[in-house]
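To start, the structure under review is shown below, and the notes come after it.
None of the figures in this text is laboratory data; all of them are computed from the coordinates on show. For clarity, every value in this text was computed on a predicted model and none was experimentally measured. Counting neighbours? That spans all protein chains shown, and the Cβs are built from the backbone with ideal geometry, glycine included.
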Amino acid sequence: MYSHKTAQFASPYSVESAVGIVVAVGNVGRNVDFSRSGKKSTFLSRDGGLNFNEVSSIPLIYDLGDHGGLIVAAPNLQATT
């Protein structure tokens, strides 16, 4: 589900050449917390979404390269240099 509530965060992402790798922003709990004050983290799955590990405690924008051997990420809601 993509709406104005989720537009501030990168959507779950995977590429065909990186089989099994999924990167997503979300929270731990029964429901997705869309509030601005809610804690959101960036998660990585290496098994197609069966299990996720938190890779950052803040929302990141990301991209995959080199068949999943390279993952580039940067803060999504703050400026970088």
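One chain, two ends: F34 and L70. Fully extended at 0.36 nm per residue, the span grows by 10.1 nm beyond their Cα-Cα distance. Overall dimensions of the chain, expressed as equivalent-ellipsoid semi-axes from the Cα gyration tensor (√(5λ), whole Å, largest first), are 21, 15, 11. Electrostatic tally near S56: other residues with Cβ closer than 15 Å to its Cβ, Lys and Arg +1, Asp and Glu -1, net 0.
Measuring r between the beta carbons of N27 and D47 and using R0 = 22 Å, the FRET efficiency lands at 0.60.
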